[in-house]
Amino acid sequence: MIQILKLNKSLIIFTILLLLGLQSAYSKSQIEISLLTCSSGAETFTAWGHSAIRIIDPESNTDIVYNFGLFDFDTPNFYPKFIKGKLKYKLGVHDTYHFYTSYFEENRQIIEQKLNLSDENKTKIISRLKYLYKPENRYYLYSFVGKNCTSELRDLILENVETNFDNTITQKSYRDQLHEFLNDKLWMKFGMSLIMGYKIDRNINKFESLFLPDYLCAGLNDLQTNNQPLVEKEQVYNKVDDSGNAYPFLINPILIFSLILVLIVLIKSNFVQIPLQIIIGLLGLVILVVSLYTEHPELQYNLNLLWINPFYIFTAFKFKNYPNIRKYLTLFIQALIIIMIPIWIFHVQQFELTFLLICSVLTIFNIRILAALKKN
């Protein structure tokens, strides 16, 4: 009888231990990890929105946001460093309530995507974030398309979560995606088209395309992990409808440059032509200096320098003793404009209608210079 009781007691203990083990094995961490996608704001640098990642840990009673998009406007030589590619961004940590409140105050929307992650995935992501947040690791050199607040989270998630991600070539370039968010900022779009080189005009793959917040948000919705959707739940806070935003017609770059072209055709005057040539030449000089000075690959190898270049400064003036200098220089820069045509046709570097209007103005200037030289 005593042996039976001992056996039953041992069986009960074994059963309890087994149940506890099973509970431990099948219990899932209560930690929640979510991608936050914020809409654009009023400031120029917010045009493409923002990405961050939220970590909720009930056990430690923490709810924080890791943010790779921090920089300091008071950094010495801020703009030279930014253009050079030496401006340091950093990873910061915010209280979630204050993070959300700051965006709501700017009337910006936040999409929160709760990720369906295993405990192992969560551990990897949190460990990586803690490592990157160490003082010696939290700073990084910003790049427009290669390393920013969104690309850092893209890398973090896809490198630490097993998904069905298919890295195929898309039908869009970096420039195409950047321009999609500038329909209400057409002068900014014009400036970016002017200063960025041909390296951003190749078709990019799916992984590369996730460098912008909205693209990463949509991309995660298409992914699965362990045969389940990677995004477990999606919520939208402070929903904003900006679909009705239209750019004022009267200050549209195409309209402005069309009017300039008409005026140049109608008005033949050196008082108009010479200042415009000098402006074009100075702008070309700025683009040349930037392309040589910068370490941003996006700003290097800018083929726009073929048609908007510093030589226009020189053709604006007469070389009385050496008229052939002006003649051959004018023929040379006109030939460069013609060379741009196949570059645009074969999409080596993207074409803008405003560029064609400016090139038309410059061609008229060149023809008038050559006609005057021939007459004399």
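Every number in this text was worked out from the coordinates using simple rules, so none of it is lab data. As the structure is a computational prediction, the values presented were derived from the model and not from experiment. For neighbour counting, all protein chains shown are included, and Cβ atoms are generated from backbone atoms with ideal geometry for every residue, glycine included.
Per-structure values
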item	result
Simple label model, 7 Å out from Cα along Cβ direction - residue 301 to residue 180, nm	2.4 nm
GNM top mover of 183, 227, 67 - the chain, alpha-carbon springs below 10 Å	227
Neighbour-limited loop hits for GluC sites (Glu not before Pro), region 148-231 (at most 15 other Cβ within 10 Å; DSSP other than H, G, I, E, B)	162, 180
Anisotropy class of region 177-320 from Cα gyration tensor, a/c 1.5 cut	oblate
Label zone at residue 269 (point 7 Å along Cα-to-Cβ), backbone N below 18 Å, region 327-367	365
Set 189/239; 199/327; 88/185; 114/239; 90/189; 327/375 screened for pairs whose C-alpha atoms are more than 22 Å apart	189/239; 199/327; 88/185; 90/189
Ratio Rg/Rh, restricted to region 249-375 and using Cα atoms, in which Rh is the Kirkwood radius	0.98
Under the span-like rule (Cα at least 24 Å along the axis, Kyte-Doolittle mean at least 0.5), DSSP H helices of the chain	2-26, 270-293, 323-345, 353-375
Euclidean distance of C-alpha centroids, region 121-182 and region 210-224, integer Å	11 Å
Loop-exposed chymotrypsin sites (Phe, Trp or Tyr not before Pro) per DSSP, neighbour cap 11 Cβ within 10 angstrom, longest uninterrupted part of the chain	74-316
Separation between Cα centres of region 254-291 and region 300-370, rounded to whole Å	11 Å
Point-to-point label distance, residue 141-residue 351, nm (Cα→Cβ direction, 7 Å offset)	3.6 nm
Trypsin sites (Lys or Arg not before Pro) restricted to DSSP loop in region 144-230 with at most 15 other C-beta within 10 Å	202
Label-point separation in nm, residue 60 to residue 218, each point 7 Å along Cα→Cβ	3.6 nm
Gyration tensor verdict on region 76-184 (Cα atoms; rounded if a/c is under 1.5, prolate if a/b is larger than b/c, oblate otherwise)	rounded
Overall dimensions of region 146-227 as given by Cα atoms, namely Rg and Dmax in Å	14.1, 46
Contour minus Cα-Cα distance for residue 232 and residue 256 (0.36 nm per residue)	3.8 nm
Per-pair calculated FRET efficiency, R0 = 41 Å: residue 313 and residue 205 via Cβ, rounded to 0.05	0.50
Length-normalised contact order of the chain in % [C-alpha pairs under 8 Å, at least 6 apart]	17 percent
Relative frequency of Cα-Cα separations exceeding 28 Å in the chain, percent	58 percent
Difference of contour (0.36 nm per residue) and Cα-Cα distance, residue 328 to residue 84	84.4 nm
